[in-house]
Amino acid sequence: MSNNDRSGGASAPPEKLLEVRNLRTWFDTDRGLFRAVDGISFDVPRGRSVGLVGESGCGKSVTSLSLMGLVPSPPGQVSADSIMFEGRNLLDLSAHDRRQLRGGRMSMVFQEPMTSLNPVHTIGRQIVEAIRAHSDMSAEQAKKRAIEVLELVKIPSAAQRFDDYPHNMSGGQRQRVMIAMALACEPSLLIADEPTTALDVTIQAQILELLRDLQQRLGMSVLIITHDLGVIAELVDEVVVMYAGKVVEKAPVHALFDDPQHPYTIGLLGSIPRLDVERERLATIEGMVPSPANQPVGCRFAPRCPFADSRCHAEPPPLRELGAGHEVACWRAPVETISSVAIDRRVAA
Ligand SMILES: Nc1ncnc2c1ncn2[C@@H]1O[C@H](COP(=O)(O)OP(=O)(O)O)[C@@H](O)[C@H]1O
Ligand SMILES: [Mg+2]
């Protein structure tokens, strides 16, 4: 029995690859300080996948850019109690070490591959450059590796496609190329920010299937970011739900789908067409994410929440554990009445 098995195999909690503690990313704007990400904490265990979910404007991309060290400063300021990755606090790293990490141990796939691929170079050359920036491989070795990763992401006739330009490829293939580039240096963490949003539905499903397959085969961790809960149901182990710069709920994926606790999560689930018919008509959450200049003092969701009472409007609710890794930031949870009232309203509507 190896050392790793001593604590009892499956029952041992997985090792944490990334531990984010109290991350704050603020922007200096003409209208004052905007707290785009305001004290969020979450973990990504090694070899697991975590979904970061919330409507557009909630701070998901700012979170991923903060982790990658890519927030423009000014106007941005990133701070945290700690961001531990592979045992090192990213906040303590030099700019040089941070750059080495990016595209190396920690890499990222963005929503729109056309903006990340250089139109004037072949895809092969771009992957080779990414590899050589992080290793001392020769040009020849790097080319071999580039073809390997193109095969890994299932680009047909990879060796021939090596000399293609991005505009010769379909949107789905370009996204595969971006994934190949991200994987070329064997990252332990892949951050995928809305990787399928720009693609049509069939291609979306293929890319998600590819990500799941790669995550399992390579044993890497994936942080997948999306505004669409439906996208990640089959893909992730855990879900972190964000609203207006805060984490409002965190849970293992099944607990989140079967027993959502935050009214915002319930609303998000309602916008997924499948699920049970019961939730279907909660489809839209009325109102909008609060504007930077107008953050509520209490719970940030209170102005849109059908269950908010005076305390919700006055005091921000802390994130607290309800059990089994399920955490929620809501004064009203756990309340049977949240879901039953919601269903009553639906019936009355
Ligand atoms: N460079 C910036 N300067 C000012 N505000 C920014 C900047 N980047 C992002 N924001 C603001 O931060 C908020 C969160 O944005 P973002 O993380 O992109 O949301 P999303 O959840 O859709 O990915 C938005 O209100 C956005 O306007
Ligand atoms: Mg975004």
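The values are calculated or read from the model by the stated rules, or taken from the named source; none is laboratory data. Since the structure is predicted, the reported quantities are computational estimates derived from the model, not experimental observations. Cβ sites come from the backbone with ideal geometry, for glycine too, and all protein chains shown count toward neighbours. In case anyone asks, the SASA skips ligands and DNA or RNA and just uses the protein heavy atoms, side chains included. Shrake-Rupley method; radii C 1.70, N 1.55, O 1.52, S 1.80 Å.
Rounded to the nearest 20 debye, the dipole size of the chain about its Cα centre is 520 debye, using +1 on the Cβ of Lys and Arg and -1 on the Cβ of Asp and Glu.
The Cα atoms of segment 80-170 give a gyration tensor whose axes a ≥ b ≥ c have a/c of 1.5 or more with a/b greater than b/c, which makes the shape prolate.
In a fully extended conformation the segment linking residue 15 and residue 129 would gain 37.8 nm over its present Cα-Cα distance, using 0.36 nm per residue. Short-range pairs are left out: with C-alpha atoms under 8 Å and at least six residues apart, the relative contact order of segment 96-183 is 40 percent. Quick check for you: which residues of segment 287-323 have the amide N under 11 Å from the point 7 Å beyond the Cα of residue 31 toward its beta carbon? Zone members listed by number: 290-295. Within straight-line reach of residue 250, meaning a Cα separation under 27 Å, sit the following lysines at least 8 residues removed in sequence or on another chain: 16, 60. Working from label points 7 Å from Cα in the Cα-to-Cβ sense, the residue 144 to residue 70 distance is 3.0 nm.
Rounded to 0.05, the FRET efficiency of the residue 313 and residue 91 pair, given R0 = 41 Å and the Cβ-Cβ distance, is 0.75.
Solvent-accessible surface of the chain, taken per residue with a 1.4 Å probe and all protein chains present: 48 Å².
Surface composition of segment 111-242: carbon plus sulfur atoms hold 48% of the accessible area, using a 1.4 angstrom probe and ignoring ligands, DNA and RNA. Stokes-Einstein diffusion of segment 103-227 at 10 °C, 1.306 mPa s viscosity, Kirkwood radius from Cα pairs, rounded to a whole number: 111 µm²/s.
Each of 22, 65, 265 was scored by the projection of its Cα onto the charge dipole of the chain, and the greatest displacement toward the positive side belongs to 65; charges sit on the C-beta of Lys, Arg, Asp and Glu. Rg/Rh for the chain stands at 0.99; both radii use Cα atoms, and Rh follows the Kirkwood definition.
Straight-line reach from residue 144: taking Cα to Cα under 29 Å and skipping same-chain neighbours fewer than 8 places apart, the lysines in range are 154.
Between residue 295 and residue 324, the simple label model (points 7 Å from Cα in the Cβ direction) yields a spacing of 3.4 nm. Of the GluC sites (Glu not before Pro) found in segment 156-265, the ones in coil according to DSSP and having at most 11 other Cβ atoms within 10 Å of their Cβ are 234.
Each of 153, 179, 32 was scored by the projection of its Cα onto the charge dipole of the chain, and the greatest displacement toward the positive side belongs to 32; charges sit on the C-beta of Lys, Arg, Asp and Glu. Computed from the C-beta positions of residue 154 and residue 22, the FRET efficiency with R₀ = 30 Å rounds to 0.15. In this structure the amide hydrogen of residue 52, modeled in the peptide plane, comes within under 5 Å of the amide hydrogens of 224, 225, 226, 240, none closer than 5 places in sequence on its chain.
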